[in-house]
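Okay, structure first, notes after.
The values are calculated or read from the model by the stated rules, or taken from the named source; none is laboratory data. Note that the structure is predicted; figures quoted are calculated from it, not measured. A quick note on method: Cβ atoms are made from the backbone with ideal geometry, for glycine too, and the neighbour counts reach across all protein chains shown. All accessible areas refer to the heavy atoms of the entire protein, side chains included, with ligands and DNA or RNA removed. Shrake-Rupley method; radii C 1.70, N 1.55, O 1.52, S 1.80 Å.
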Amino acid sequence: MPAGLIGATIPVVAESGEQAQISASAAAQQQLARLLEVSRLIAGRLELRPLIHEVIEQASHLVQAQRSTLWLHDPDRDDLYTFIGEGLSQEFRVPLDRGVVGAAARQRRSISIEDAYHSELFNPEIDRFTGYRTHSIVAVPMQTQRGALLGVFQSINRIDAAAAEGVGVFTAADIELLEAMAGFVAVAIENAQLYEEQKRQFNSLLITLASSVDARDPTTSKHTMYVTGIAVAIARELGLSDARIERIRIAAILHDYGKIGVPDEVLLKPGGLERHEVRRMRSHVLKTGLILSRIAFRRDLADVPAIAAMHHEKLDGSGYPFGLRGEEIPLEGRILAVADVFHALTQTRTYKKGKSPQEALEECESLTQAHIDRYGRESGAHLDANCVAALGRVLLACGDDMNFFEQASGWQQMLDGGG
Ligand SMILES: [Fe+2]
Ligand SMILES: [Fe+2]
């Protein structure tokens with residue numbers, strides 16, 4: 001907390017000494033309570049985007065600004081950029097030698113401007129871009145715990161009903177509040193950046209693992225990506241929570257990883273397999289579970305190895321490796337099973353032509369009930385009817401466009417380093 005925040009610098013007009021002290025102390029307590037509330041709200045955000053949204057909203061509220069922006073320092077380009085701001089719909093960059101935020105960053109001090117268009121420091125480029133009119137500005141730099149430049153907070157146009165055009169000037173107390181806020185926001189942003197960095201590393205590892213399996217068999221090269229997209233789309237359609245969707249997405253990316261342990265002569269054999277080959281082929285699910293159980297997943301992803309190992313389970317208990325029945329198979333596993341069967345049906349292999357999405361859906365629908373299997377034997381239900389119905393609704397909405405699943409998989413974002 002900066003010295004002077006409590007009491008001394010809060011302007012108090014036309015009151016007796018004692019009244020003024022009481023008012024100042026009450027206002028300071030209110031501000032302190034507000035700052036604590038802001039720090040609590042911010043501490044609950046781990047991902048960078050929601051964190052920045054929260055920060056700019058709270059900053060505007062705290063100092064009664066019309067708009068706030070959080071600029072981050074890009075150490076590689078040594079400039080400032082923002083991708084979230086009121087009135088901004090795309091990334092915007094400014095060099096360190098331009099504008100009020102550039103000066104605050106360079107000089108590592110807070111800068112307050114009363115009238116932007118009469119200040120040499122002001123860069124009107126963003127106003128031209130957003131169509132917005134800036135009057136008063138305050139810019140407060142943020143530093144990492146090691147003292148490196150992290151970014152700049154900027155609030156624009158202090159709301160003041162009594163002033164001309166309803167815009168007043170930021171006070172010394174406003175600046176102190178933003179400086180106090182900048183301290184804990186900097187810690188939260190550093191944590192969020194670290195978290196995103198770890199996520200990027202994790203995603204690149206996932207993609208590498210998945211690609212190493214798909215690369216073994218060129219005829220199924222995009223199977224993992226499609227199964228991921230289909231499973232995610234079904235999970236979304238069923239209204240599952242983000243955390244469950246993420247578990248399903250990662251289990252889908254890794255579902256066939258155990259194929260890495262199936263020899264080429266079995267994995268790549270065209271046509272039917274001998275009984276002993278079928279056993280070796282089927283062993284891939286247990287291998288998936290075993291290999292994945294050695295990965296130290298985050299706590300919320302702890303079920304990923306088990307879910308991934310259930311994608312060949314069937315509702316009537318005839319699946320493998322565990323022969324689970326009905327709801328013994330968690331919903332995540334049932335979703336994965338539908339995604340896997342549906343995509344396999346659409347794939348063209350050396351020994352069969354792929355079905356259209358509608359034909360594949362119809363076959364999946366028939367597998368939700370007792371049926372005669374492809375060897376002419378009576379069989380119970382294999383797939384979950386709710387999951388298949390959800391897939392039907394997704395296909396209806398995307399017009400049977402398989403590219404939709406490519407997008408839903410989040411594959412490209414992961415390759416680009418996001419996701
Ligand atoms: Fe599989
Ligand atoms: Fe598969």
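Structure notes:
- Conditions (1) modelled with pLDDT under 90; (2) within 15 Å of ligand 2 (Cβ to nearest atom); (3) crowded, with 19+ Cβ neighbours inside 10 Å: number failed by Asn203: (2)
- When Leu290, Leu268 are checked against the criterion of being assigned by TED's automatic domain parsing to the domain that holds Ile234, more than 19 Å from Leu238 (Cα to Cα), away from ligand 2 (no atom under 16 Å from the Cβ) and of a type outside the set (S, T, N, Q), a single residue qualifies: Leu290.
- Among the criteria (1) in the same structural domain as Ala408 (by TED's automatic domain parsing); (2) out of contact with any Gly (no Cβ under 9 Å at 6 or more places or on another chain), the one Thr228 does not fulfil is (2).
- A single member of Gly317, Gly326 is in contact (Cβ under 8 Å) with a residue 40 or more places away in the chain, at positive phi, out of contact with any His (no Cβ under 7 Å at 6 or more places or on another chain) and in the same structural domain as Gly392 (by TED's automatic domain parsing), and it is Gly317.
- Any chance Ser318 is more than 16 Å from ligand 1 (Cβ to nearest atom), hydroxyl-bearing (Ser, Thr, Tyr) and more than 16 Å from Ala210 (Cβ to Cβ): no
- Qualifying residue in the stretch 397-413 (condition: aliphatic (A, V, I, L, M), on the phi < 0 side of the Ramachandran plot and touching a residue at least 60 places away in the same chain (Cβ under 8 Å)): yes
- Single residue of the stretch 145-181 satisfying the filter (open to solvent by 30 Å² or more (accessible area, probe 1.4 Å) and within 27 Å of the chain's Cα centre (by Cα)) that is nearest to Gln31 (Cα to Cα): Gln145
- Listed here are the helices (runs of 4 or more DSSP H) enclosed by the stretch 249-355 that have at least 1 residues being open to solvent by less than 70 Å² (accessible area, probe 1.4 Å) and polar (S, T, N, Q): 275-293, 331-346.
- A single entry from Val152, Val100 fulfils the requirement of being under 23 Å from Leu32 (Cα atoms) and touching a residue at least 40 places away in the same chain (Cβ under 8 Å): Val152.
- Test: residue in the stretch 361-374 that is part of a helix (DSSP H, G or I) and among the aliphatic types (A, V, I, L, M): yes
- Pick from the stretch 93-128, criterion of a type outside the set (Lys, Arg), closer than 26 Å to Leu51 by Cα and touching a Phe, Trp or Tyr at 6+ places or on another chain (Cβ under 7 Å), ranking: modelled with the lowest pLDDT: Ile126
- Any hit, the stretch 213-234, residues being more than 13 Å from ligand 2 (Cβ to nearest atom), small (Gly, Ala, Ser) and either at positive phi or surrounded by fewer than 23 Cβ atoms within 10 Å (Cβ to Cβ) (or both): yes
Quick grid of which residues meet (1) part of a helix (DSSP H, G or I); (2) loosely packed, with under 14 Cβ neighbours inside 10 Å:
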position: Leu72; (1), (2): no, no
position: Val94; (1), (2): no, no
position: Ala103; (1), (2): yes, no
position: Tyr117; (1), (2): yes, yes
position: Leu121; (1), (2): no, no
position: Asp127; (1), (2): yes, no
position: Thr134; (1), (2): no, no
position: Ala139; (1), (2): no, no
